[in-house]
Structure formats: C-alpha cells, structure tokens
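The values are calculated or read from the model by the stated rules, or taken from the named source; none is laboratory data. Values in this document were obtained by computation on a predicted structure and should not be read as measured data. Using ideal geometry, Cβ is built from the backbone for each residue, glycine included, and neighbour counts are taken over all protein chains shown.
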Amino acid sequence: MIITIDGPAGSGKSTAARGLARALGIAYLDTGATYRVVTLAALERGLDLADADALAQLARGLDVQFVPAPEGLRVLLEGRDVSDAIRRRDVTENSRYVASPANVRAVLVDLQRRLGAELGSFVTEGRDQGSVVFPQADLKVYLDADPAQRALRRAAEMTARGEAADVQGVLADILKRDASDAGRQTGPLCRPADAVVVDTTGKSIDETLAALRAAVEARA
Ligand code: C5P
C-alpha cells in the first residue's frame, strides 16, 4: 500500500504521516529529509548554492541512509547522524536552492522511488509525492492549514528543540517557502485532483489522524 501526504510547511504532515504509518503497521518516508540532507552537505562543503549542476552532482554521489527509529527516521550522512542538524534554520532557509532546479529534483525523486521500492508499503510525505513521485498511490492526501496556525506549530517545534522562535518571523519564513514551493517549474506543491483534502486548522493530532484513517477505510 502506498499513501502520499502532500501539503505546505507546518500543515502537520510529519506528525500525521508518522502516526498513520504506525497505526497501519507500515513504513514512513520523509522526503523533505532528502532535500534537507543535500542542503546540509552543500552548506558544509561551502558549495555555491546557485550552481545547480554542482548540487546535482553532490546529490548523486552522496552517501545517505534513512534508518527507521521510534521517533520517525534517523538520517545518516556518511555514517554521521544528522537527524537534528538537517532541521536547523539555515538548512530550512536554504533548502529552496536544492528543491528548485529540475536536475537536482530528478536525482532526489529517483532516490525516493528507490527507497519506496525497498519499503514496499509506506506513508510518504512531501510536496510532490502524489503528483509526481508516486502517482500510482492507493490513497493521496493533501493537508492544509491557515498560515497563522502553521507558524504557531513550527514555532512550538523550534522552542521544543531549544531554538529561539518568534512567531512573526516564522510566519514570514513560511510564506516565503510556500511561494517558492508553489511557484517552481518542476514538482511544485500542488493538490492532485484525486487527493482527499484535510484541513488541519483547529484540529488536534488525534482528530487529524481520525480523518486520515477514515479516508483509508473509505478506499479499502
Ligand atoms: O517538509 P520539509 O520542511 O522537511 O521540506 C524541506 C524542503 O524540501 C521544503 O521547503 C521543500 O522546498 C522541499 N521539498 C520538496 N519536495 C518534497 C519534500 C520537500 O521540494 N517532496
């Protein structure tokens, strides 16, 4: 079974995808982590982020592993655990350089399909999972929420990680990322026509999960 969950930053995709995967006893795939780990490696190596060919070459040769863990996935870059480092604000802000060029996306879409083939049955989350990467999915979900609520959630996550977070600043970052995600030529954030739309504004995690489980049952 393949279930795709797409949506903008802070819509609750990660929590929902992890929870749904656990409830169904299938794997979880976080495709944002593939963009983030390439961004981190590029920053660490001091690559010119405007050089898409250099980024594609980096992505192609990168030794990355995704290891299932109780809290989701651990990400290993050349054997080093970078699961926390890829969530840093500088990585988040610069991820659009990796997410925008078609040649870099092609490498990562390939990687995501290989990971999916290894997993067999999984819930995957991202921006283009239902539209581009796994169009054959059994169920496609599009999660959305008010920008203000998305900013509050992201700020709470950052505070929990011990990072400084001002909600207005986080909201501005989210709106910038929305525009970049929705506006790019290749693999833009979009709502597949055959997706079930769930608006998580004002919904608890349990309410969101209940809506997703109902969508799975309706497809069964
Ligand atoms: O979901 P997350 O915030 O971890 O994603 C990090 C960045 O990777 C996003 O800002 C987005 O630009 C990009 N991304 C993407 N396609 C995906 C998943 C993430 O372009 N399938």
Kindly list, by first and then second residue, each pair from a residue in region 106-127 that is closer than 16 Å to Pro192 by Cβ to a residue that is in a strand (DSSP E or B) and of a type in the set (Phe, Trp, Tyr), limited to pairs with Cβ atoms under 9 Å and residues at least 6 apart or on different chains.
Val123/Tyr28; Thr124/Tyr28; Glu125/Tyr28
Just wondering, is there one or more residues in region 40-60 that are within 14 Å of the ligand (Cβ to nearest atom), closer than 30 Å to Ala220 by Cα and in contact with a Pro (Cβ under 9 Å, 6 or more places away or on another chain)?
no
Looking at the structure I just gave you, is Ala148 in a loop (DSSP other than H, G, I, E, B), at pLDDT 95 or above, among the small types (Gly, Ala, Ser) and away from the ligand (no atom under 12 Å from the Cβ)?
no
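Okay, residues lined up against (1) hydroxyl-bearing (Ser, Thr, Tyr); (2) touching a residue at least 40 places away in the same chain (Cβ under 8 Å); (3) in contact with a strand residue (DSSP E or B) (Cβ under 8 Å, 6 or more places away or on another chain); (4) under 17 Å from Val133 (Cβ atoms):
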| position | (1), (2), (3), (4) |
| --- | --- |
| Ala17 | no, yes, yes, yes |
| Leu24 | no, yes, yes, no |
| Glu44 | no, no, no, no |
| Asp48 | no, no, no, no |
| Ala52 | no, yes, no, no |
| Leu58 | no, no, no, no |
| Gly61 | no, no, no, no |
| Val75 | no, yes, yes, no |
Can you report the number of residues in region 113-134 which are within 9 Å of the ligand (Cβ to nearest atom) and surrounded by 24 or more Cβ atoms within 10 Å (Cβ to Cβ)?
7
Has region 46-63 got at least one residue that is part of a helix (DSSP H, G or I), within 13 Å of the chain's Cα centre (by Cα) and not hydroxyl-bearing (Ser, Thr, Tyr)?
no
Would you point out which residue out of Leu20, Leu29 is more than 13 Å from the ligand (Cβ to nearest atom), buried (at least 16 other Cβ atoms within 10 Å of the Cβ) and of a type outside the set (Val, Ile, Thr)?
Leu20
